[in-house]
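The values are calculated or read from the model by the stated rules, or taken from the named source; none is laboratory data. The model shown is predicted, which means the values in this text are computed figures rather than measured ones. FYI the Cβ positions are ideal-geometry reconstructions off the backbone, even for glycines, and counts take in every protein chain you see.
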Amino acid sequence: MKRRRDREIKRAFTIDGSAYIGVFATCTESVLLLPSHISERLTAEMERALKVKALRTSIAETSLVGCLSVGNSNGFIFSSYTLDSELRRVEEFARKEGLKEKINRLPARDRMNAVGNIILANDTVALVHPQLSAKTVDVIKETLEVKVYKGTIGGLKTVGMAAVATNKGILAHNNATKEELEFLEEIFELPVEIGSINFGVPLIGAGLLANTEGYAVGAETTGAELGRIEDALGF
């Protein structure tokens, strides 16, 4: 019965008419960040799919929340262009919900600010863009409390868009090499599968949000792709 009820939960979404929901949103085990203008109904549906509480906010005065933020159960990192008022909104939400996540911004001088694109993380490990500065790597280690490694997935340096990692598994770009997949398995100590979203798009992170309790995916994702997501992430 439980599996039947889980399948009745809406999993496929669009945000502003786009199936690339990972560009506009991000989630952890306890928090979902969505753009400010998202409707109450869509917010509630995504909360139910991921079994978390949502905060609607802008980041750097844009709706590109998924590109400009990344988090886990230990903290959140935001683009250096994030406004103080936006950070305070996240901090106030965390206090209200009794969460203890650290909140941090990238160093102001780091030219790579799309943290959601360049960091792939779960609660213990992060794989990051190979050209990130030592200072930024230190911020990631301190804020997310993870071991940090540099690498690529499918030859892409934007590893946050090339895969999704939870505490149960990883789904990666379907062009990831054997060496890249073995490296992911080694550092995360989790099973790794390849797949796609939105009818063949290999940029997993652009269209999939997931934690250990649930997932939300772009509305153009096929049944076969949904099956691969559920197998890879342990649903």
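Descriptive notes on the structure:
- Tally of residues being in contact with a His (Cβ under 9 Å, 6 or more places away or on another chain) and of a type in the set (Val, Ile, Thr) across the range 190-235: 2
- Residue 219 in contact with a strand residue (DSSP E or B) (Cβ under 6 Å, 6 or more places away or on another chain), in contact (Cβ under 8 Å) with a residue 60 or more places away in the chain and surrounded by fewer than 23 Cβ atoms within 10 Å (Cβ to Cβ): yes
- Against the conditions (1) of a type in the set (A, V, I, L, M, F, W, C); (2) surrounded by fewer than 16 Cβ atoms within 10 Å (Cβ to Cβ); (3) part of a helix (DSSP H, G or I); (4) touching a residue at least 12 places away in the same chain (Cβ under 8 Å), residue 224 satisfies every one except (4).
- Matching residues in the range 105-136 - criterion: being surrounded by fewer than 17 Cβ atoms within 10 Å (Cβ to Cβ) and either outside any loop (DSSP other than H, G, I, E, B) or aromatic (Phe, Trp, Tyr) (or both): 134, 135
- Only listed residue being modelled with pLDDT under 95, closer than 20 Å to residue 35 by Cβ and among the small types (Gly, Ala, Ser), chosen from 134, 94: 94
- Single match in 19, 49, 44 (criterion: small (Gly, Ala, Ser), modelled with pLDDT of 95 or more, out of contact with any Leu (no Cβ under 7 Å at 6 or more places or on another chain) and loosely packed, with under 15 Cβ neighbours inside 10 Å): 44
- Comparison of 143, 152 shows that the only residue that is buried (at least 20 other Cβ atoms within 10 Å of the Cβ), at pLDDT 95 or above and not basic (Lys, Arg) is 143.
- Residues in the range 159-187 that are in a helix (DSSP H, G or I) and touching a residue at least 24 places away in the same chain (Cβ under 8 Å) were compared, and the one that is surrounded by the fewest Cβ atoms within 10 Å (Cβ to Cβ) is 187.
- At least 1 residues being of a type outside the set (A, V, I, L, M) is the threshold, and among the strands (runs of 3 or more DSSP E) wholly inside the range 10-102 those reaching it are 53-56, 69-72, 75-78.
- Considering the range 188-199, the residues that are farther than 16 Å from residue 150 by Cα and outside any loop (DSSP other than H, G, I, E, B) include one that is nearest to the chain's Cα centre (by Cα), namely 197.
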